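**Q** Okay, handing you the structure first.
The values are calculated or read from the model by the stated rules, or taken from the named source; none is laboratory data. Predicted, not measured: the structure shown is a model, and the values here were computed from it. When we count neighbours, we look across all protein chains shown, and the Cβ atoms used for this are built from the backbone with ideal geometry, even at glycine.
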Amino acid sequence: MDHKVRVHELIKQIEREVLQTIKEQESKFPERWVPAAQIRKDLELDFVAVPKANKQYGEKGWLFAIIARMLEDENLIEYRKTGNRAFLRSL
């Protein structure tokens, strides 16, 4: 199997797991808006995104942000920002 195809299949699997997590948590929050920080925390999706020789201060949610954007582009979730907090819910 082509490496690119396999990598993209794995990303799709991650998308499905994140979407399922959002759906399972929606009932706990007003109007089903799940805080993005809660999802990142529950799934431990904060990572250091630079080589060791470079400097990054703390872990970041870059992987989660990419997956959330992909889900949004596929019209599977809605995104809302209030202040500096982001919220998601399934469509």
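**Q** When residues of segment 58-75 are filtered for being surrounded by fewer than 17 Cβ atoms within 10 Å (Cβ to Cβ) and within 19 Å of Arg32 (Cβ to Cβ), how many remain?
**A** Counting residues in segment 58-75 that are surrounded by fewer than 17 Cβ atoms within 10 Å (Cβ to Cβ) and within 19 Å of Arg32 (Cβ to Cβ) gives 3.
**Q** Search segment 71-86 for residues that are without any contact (Cβ under 8 Å) to a residue 24 or more places away in the chain and pair each with any residue that is surrounded by fewer than 14 Cβ atoms within 10 Å (Cβ to Cβ) when their beta-carbon atoms are under 7 Å apart and the residues are at least 6 apart or on different chains.
**A** Asn75/Leu91; Glu78/Leu91
**Q** Still on this structure: Say we look at segment 10-62 and pick out the residues that are outside any strand (DSSP E or B) and β-branched (Val, Ile, Thr); which of these is farthest from Asn84 (Cα to Cα)?
**A** Looking at the filtered set, the residue picked out is Ile11.
**Q** For segment 41-61, state whether one or more residues are basic (Lys, Arg), closer than 18 Å to Arg89 by Cβ and modelled with pLDDT under 95. Even if it seems obvious, please write down each step before you answer.
**A** If we filter segment 41-61 for residues that are basic (Lys, Arg), which is where we start, we get 41, 52, 55, 60.
This time we only want the ones that are closer than 18 Å to Arg89 by Cβ, so: 41.
Still in the list and also modelled with pLDDT under 95: 41.
Yes, segment 41-61 has at least one match.
**Q** Then there is this: Tell me, please, whether a residue that is under 21 Å from Ser90 (Cα atoms) and touching a strand residue (DSSP E or B) at 6+ places or on another chain (Cβ under 6 Å) can be found in segment 5-21.
**A** Checking segment 5-21: not a single residue is under 21 Å from Ser90 (Cα atoms) and touching a strand residue (DSSP E or B) at 6+ places or on another chain (Cβ under 6 Å).
**Q** Exactly one of (1) touching a strand residue (DSSP E or B) at 6+ places or on another chain (Cβ under 6 Å); (2) of a type in the set (Lys, Arg); (3) free of Cβ contacts under 8 Å to residues at least 60 places away in the same chain is unmet by Lys55. Its number?
**A** Failed condition: (1).
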